[in-house]
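What follows is a set of notes on a single structure, which appears directly below.
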Amino acid sequence: MVKIGNNFKFCQLKGLLQSEEVKEIKELPKTKYYTQTIIEAPISIRIEDMIANGSNYLSIPCVDTQINSLISNKNISTNSSTNVWEIDKTKIEIGDGNLWKETEEKLIDKIKIGMGIYQDEIIKMELNKLIIIKSNGYLPYQDINTTTAIVKNNSNNIFGKLLISLPSKSYGGDLIVTNPNNEKDHCKIQLSNNFGSLISIVSFYSDCIYTTEPLQSGIRVYLEYDLVKSSKRTLSAQILTQIKSDSIEKINEISESIKFCLGDGKLMNIVYLFEKNYDIESIVEELKGNDLKIVEKVKRISMDKSNDIAFCFGYFHLIEKSIGLFSMDDKKKFTPNESIISENFVHCFRDINNNLVDIPVIHISKDLSEVLSSIDFNNIKPYQLITNQDLNSQISIYEIPSLIIFKKSTLENNDISIKPPESKKSKFV
């Protein structure tokens, strides 16, 4: 019987590769605490009994004459010192049936990606108010956690703020959001927009501090939303930073373990046998489950130029010849008494872009010291089984899709290169 797992060096590496993720292993945006995007979506805004000339709908793009008429209404709250007017959510109706709901769903998906939030997390956008800023107006310095009692008490699971900048003719008034972990780390976000149905979006965590620069000209109109989560998961910029820190630490541990395994020169490569069966010609598209997670980890390590690590995919080919006995019943079950490995090598190499890699066949030692299996080898079905009851023999032929890890310098010394992921082709970018 084939036995894999005798190499003591692989004990730590196997555990690290197969360990549970530290939250999400993906590389989060460098900004971490905010995300910005622009989407094209029609939007209908009805403001109850406040717009002159009998129309209750706000023109999009916003028009100076209508806005000036609107802010003259005595029912609108104002801060004259900052040239800012606010309309409460109770006076506002957003959307036109299911169309705006679809837009909200698209926005939430973008927010999740940009802010590093689990895709299965259920979050909602809850409208607060409509904000109008005129020339020289600005949003004053705000610390959400201290100025909003609901956030401070977290009774409604509010974890962030969303600002939608409606199309309007304006210039300046950039939004400034400060990283709560580092007061020197802040971003300036331009929200000028006067293009039909394009709306600018920015969202950030509730432990951020934000303000705007004075608007230099025109008018700026925002819809302000709270972002609300449904579960008990903690969402904040600090937690997100810790997630990334823990993820980096785990990746560094895997990197050091690979270096340890290949460091003494006795092993030239590591052959990791996948759990599932894949066609090597389309392996990148087919990878899933634990196999996919392991490749993502190794890919991330290989992309760090300071690491001397490269990888590709290939078939681990093994032929096992066994002598034994067949059962006397109809099933003719074979029980081996003695087995030898007559052939074992790796071939048919592909890179992460599904391109052929010109690597000569890699012959594996008889003790399989280069091979690390994700599962018990006895649970792997052979590609082909040849039985001979007259000779009480059985030949098992295996073609197992595998991840092959090399020292990059070893490949380069043999004039072999493996290309990194191509942004337009690979799902790993």
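Looking across the stretch 4-35 at every residue that is of a type in the set (Lys, Arg) and open to solvent by 40 Å² or more (accessible area, probe 1.4 Å), the one that is modelled with the lowest pLDDT is identified as 26. Of all the residues in the stretch 112-136, those that are over 32 Å from the mean Cα position of the chain (by Cα) and surrounded by fewer than 17 Cβ atoms within 10 Å (Cβ to Cβ) number 2. Residues that are open to solvent by less than 40 Å² (accessible area, probe 1.4 Å) and either among the polar types (S, T, N, Q) or not in a loop (DSSP other than H, G, I, E, B) (or both) within the stretch 70-84 comprise 70, 71, 73, 82, 84, listed in sequence order.
Residue 230 satisfies every condition listed in (1) modelled with pLDDT of 85 or more; (2) within 22 Å of the chain's Cα centre (by Cα) except (1).
Looking only at the stretch 114-144, residues that are in a strand (DSSP E or B) and within 24 Å of residue 46 (Cα to Cα) come to 11 in all. Beta carbons closer than 8 Å, at least 6 apart along the sequence or on distinct chains, pair a first residue in the stretch 403-429 that is buried (at least 17 other Cβ atoms within 10 Å of the Cβ) with a second that is modelled with pLDDT under 75 and among the polar types (S, T, N, Q) for 411/417.
Considering only residues of the stretch 287-310 that are without any contact (Cβ under 8 Å) to a residue 24 or more places away in the chain and open to solvent by less than 70 Å² (accessible area, probe 1.4 Å), which is farthest from residue 408 (Cα to Cα)? It comes out as 289. The residue that is least open to solvent (accessible area, probe 1.4 Å), counting only those in the stretch 355-378 that are part of a strand (DSSP E or B) and of a type in the set (Val, Ile, Thr), is 371. Across the stretch 85-113, the number of residues qualifying as assigned to a helix (DSSP H, G or I), touching a strand residue (DSSP E or B) at 6+ places or on another chain (Cβ under 8 Å) and among the charged types (D, E, K, R) comes to 6. Note on the stretch 309-349: residues that are among the basic types (Lys, Arg) and assigned to a strand (DSSP E or B) amount to 1. Count of the stretch 166-193 residues, restricted to those that are open to solvent by less than 40 Å² (accessible area, probe 1.4 Å) and touching a Gly at 6+ places or on another chain (Cβ under 9 Å), is 7.
Looking across the stretch 379-396, the residues that are assigned to a strand (DSSP E or B) and crowded, with 16+ Cβ neighbours inside 10 Å come down to 393, 394, 396. Residue-level check: of (1) in contact with an Asp or Glu (Cβ under 9 Å, 6 or more places away or on another chain); (2) modelled with pLDDT of 85 or more, residue 282 misses just (1). The set of residues in the stretch 187-203 being touching a Phe, Trp or Tyr at 6+ places or on another chain (Cβ under 9 Å) and more than 20 Å from residue 108 (Cα to Cα) consists of 187, 192. Taking the stretch 125-149 as the range and being touching a helix residue (DSSP H, G or I) at 6+ places or on another chain (Cβ under 9 Å) and at pLDDT below 90 as the test, the residues that pass are 144, 145, 146.
The values are calculated or read from the model by the stated rules, or taken from the named source; none is laboratory data. Only a predicted model underlies this, so the values are computations on that prediction, with no experimental measurement involved. A quick note on method: Cβ atoms are made from the backbone with ideal geometry, for glycine too, and the neighbour counts reach across all protein chains shown. SASA here: full protein model, heavy atoms, side chains in, ligands and nucleic acids out. Shrake-Rupley method; radii C 1.70, N 1.55, O 1.52, S 1.80 Å.
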